[in-house]
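Student: This is the structure, below, for whatever I ask next.
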Amino acid sequence: MDHPLIDLINQKIAQAEADGEFDNLKGAGKPLPKTDDPENALINRLIKESGGVPEFVSLSRELERLRAELRETGDRTRRQEILKDMSMMEAKIDFARKAHK
């Protein structure tokens, strides 16, 4: 079953092609770059270009933030909460690293 807007999409593409909007595009006529993961190449490129990082990297940054908060906190109750959060964060990082491989 085709998408309900497929005819409109094809019409817009054909019109853009007729208007020359696809002429002289950057990289035209050059081979596509080699990739280790061709099925996810587009999504990986978009994530990289938008500044995305693997989950374990963002979790590691959060862990560092918790460590800094722990150094600055004198309240024993809050320190215990932070230590618990750090322990959970370390486990999440471990899982994320394994999943990333």
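Student: Excluding K101 itself, calculate the net charge of residues whose Cβ lies under 14 Å from the Cβ of K101, where each Lys or Arg counts +1 and each Asp or Glu counts -1.
Tutor: Once positives and negatives cancel, what remains is -2.
Student: Okay, next question. Could you work out [θ]222 nm for the chain from helices alone, using -39500 (n - 2.57) per DSSP H run of at least four and dividing by all its residues? Round to the nearest 500 deg cm²/dmol.
Tutor: Helix-only estimate at 222 nm: -21500 deg cm²/dmol.
Student: Another question, if that's okay. In the set (1) 17.8; (2) 13.4; (3) 18.6, which value of Kirkwood radius over Cα pairs in Å was calculated from the structure you see?
Tutor: Read-out from the structure maps to (3).
Student: From the phi angles alone, apply the Karplus equation (6.51, -1.76, 1.60; θ = phi - 60°) to region 5-12 and give each ³J(HN,Hα) in whole Hz, x where the residue is Gly or Pro.
Tutor: So the J values, rounded to whole Hz, are 9, 4, 5, 5, 4, 4, 5, 5.
Student: Ok, one more. How far is helix 55-72 tilted, in degrees, relative to the longest principal axis of the Cα atoms in the chain, given as a value from 0 to 90 rounded to the nearest 10?
Tutor: 30 degrees
Student: Here is a further query. So which aspartates and glutamates pass the test for K84, namely a Cα distance under 19 Å, with those fewer than 8 places away in the same chain ruled out?
Tutor: E62, E64, E69, E72, D75, D94
Student: So which of K30/K92; K48/K98; K26/K101 end up more than 31 Å apart by C-alpha?
Tutor: Check vs 31 Å cut-off fails for K30/K92; K26/K101.
Student: In debye, nearest 20: dipole of the chain around its Cα centre with unit charges on the Cβ of K, R (+) and D, E (-)?
Tutor: The calculated dipole for the chain is roughly 780 debye.
Every number in this text was worked out from the coordinates using simple rules, so none of it is lab data. None of these values were measured; they are calculated from a predicted model. Backbone-built Cβ (ideal geometry, glycine too); neighbour counts: all protein chains shown.
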